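See structure below.
The values are calculated or read from the model by the stated rules, or taken from the named source; none is laboratory data. In this text, all values refer to a predicted model and were calculated from it rather than measured experimentally. Cβ placement follows ideal geometry from the backbone for every residue including glycine, while neighbour counts extend to all protein chains displayed. Surface accessibility is based on the protein's heavy atoms, side chains included, excluding ligands, DNA and RNA. Shrake-Rupley method; radii C 1.70, N 1.55, O 1.52, S 1.80 Å.
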Amino acid sequence: MTDDEPHAELDERYSDRGATSVPWQEAVALLTGAELYWLTTVRPDGRPHVTPLIGVWADGALHFCTGGEERKAKNLRTNPAVVATTGCNTLRDGYDVVVEGDAVRVEDEPRLRALARAWEAKYGAEWHFDVQDGAFVNPEAGQALVFAVAPRTAFGFGKGGSYSQTRWRF
């Protein structure tokens, strides 16, 4: 997975006159710096499930972790399709990013160790993980499965000053 520049297009129907599409690297900066993401998965009966979580953008994908018996992990067993969202909850300023893709389990231990270091660097020692048996392990919280979501399509929503909607196709 890489951060190669995808095709960007401005949707003029939802953008102010004179708005321009936003470069993917600006969206990557927002995805990298965000503290909180909202993840939508699909329950086995088709209903959506949305939950806030922390994560790390690395190697061209958003990475998150979850306990194996949490609702989102159960949902991913039958349907890997997800939507991850981050931004701000204001109308007149900020930028929101929506990433659509499939959540793929990460089990490679060298990669997991690198991700564990990234988690701790971003969120502090409270979020220290060891790696064991293809998963994160925290002595107090137990085992956490790690997933990567590489964007298939992403959307950016500029607010305030100039409203815009950018679509990135990968």
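Matching residues to (1) in a loop (DSSP other than H, G, I, E, B); (2) under 16 Å from the mean Cα position of the chain (by Cα):
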{"site": "13", "(1), (2)": "no, no"}
{"site": "16", "(1), (2)": "yes, no"}
{"site": "20", "(1), (2)": "yes, no"}
{"site": "30", "(1), (2)": "no, yes"}
{"site": "39", "(1), (2)": "no, yes"}
{"site": "51", "(1), (2)": "no, yes"}
{"site": "57", "(1), (2)": "no, yes"}
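Quick check on region 151-158. Is at least one of its residues aliphatic (A, V, I, L, M) and free of Cβ contacts under 8 Å to residues at least 40 places away in the same chain? Taking every residue of region 151-158 in turn, none turns out to be aliphatic (A, V, I, L, M) and free of Cβ contacts under 8 Å to residues at least 40 places away in the same chain. Residues in region 106-127 that are touching a residue at least 24 places away in the same chain (Cβ under 8 Å), open to solvent by 80 Å² or more (accessible area, probe 1.4 Å) and not in a loop (DSSP other than H, G, I, E, B): 127 only.
Filtering region 131-155 to residues that are over 30 Å from residue 9 (Cβ atoms), within 21 Å of the chain's Cα centre (by Cα) and not hydrophobic (A, V, I, L, M, F, W, C) leaves 134, 143. Among the residues making up region 50-67, a single one is free of Cβ contacts under 8 Å to residues at least 24 places away in the same chain, more than 16 Å from residue 119 (Cβ to Cβ) and open to solvent by less than 50 Å² (accessible area, probe 1.4 Å): 51. Pick from region 143-170 the residues that are small (Gly, Ala, Ser) and in a loop (DSSP other than H, G, I, E, B): which of them is most open to solvent (accessible area, probe 1.4 Å)? If we take residues in region 143-170 being small (Gly, Ala, Ser) and in a loop (DSSP other than H, G, I, E, B), then 161 is most open to solvent (accessible area, probe 1.4 Å). Being closer than 17 Å to residue 135 by Cβ, among the hydroxyl-bearing types (Ser, Thr, Tyr) and open to solvent by less than 80 Å² (accessible area, probe 1.4 Å) is not true of residue 86. Please find, within region 89-105, the residue that is surrounded by the fewest Cβ atoms within 10 Å (Cβ to Cβ) out of those that are under 23 Å from residue 151 (Cα atoms) and of a type in the set (A, V, I, L, M). Looking at the filtered set, the residue picked out is 104.
Filtered by the rule that a residue be surrounded by 14 or more Cβ atoms within 10 Å (Cβ to Cβ), farther than 15 Å from residue 105 by Cα and in contact (Cβ under 8 Å) with a residue 60 or more places away in the chain, region 128-142 gives a lone residue, 129. Of everything in region 88-120 that is among the small types (Gly, Ala, Ser) and modelled with pLDDT of 95 or more, the residue that is nearest to residue 6 (Cα to Cα) is 101. Listed by first and then second residue, the pairs with beta-carbon distance under 7 Å, at least 6 apart or on different chains, first residue in region 68-84 and on the phi > 0 side of the Ramachandran plot, second open to solvent by 30 Å² or more (accessible area, probe 1.4 Å), form an empty list.
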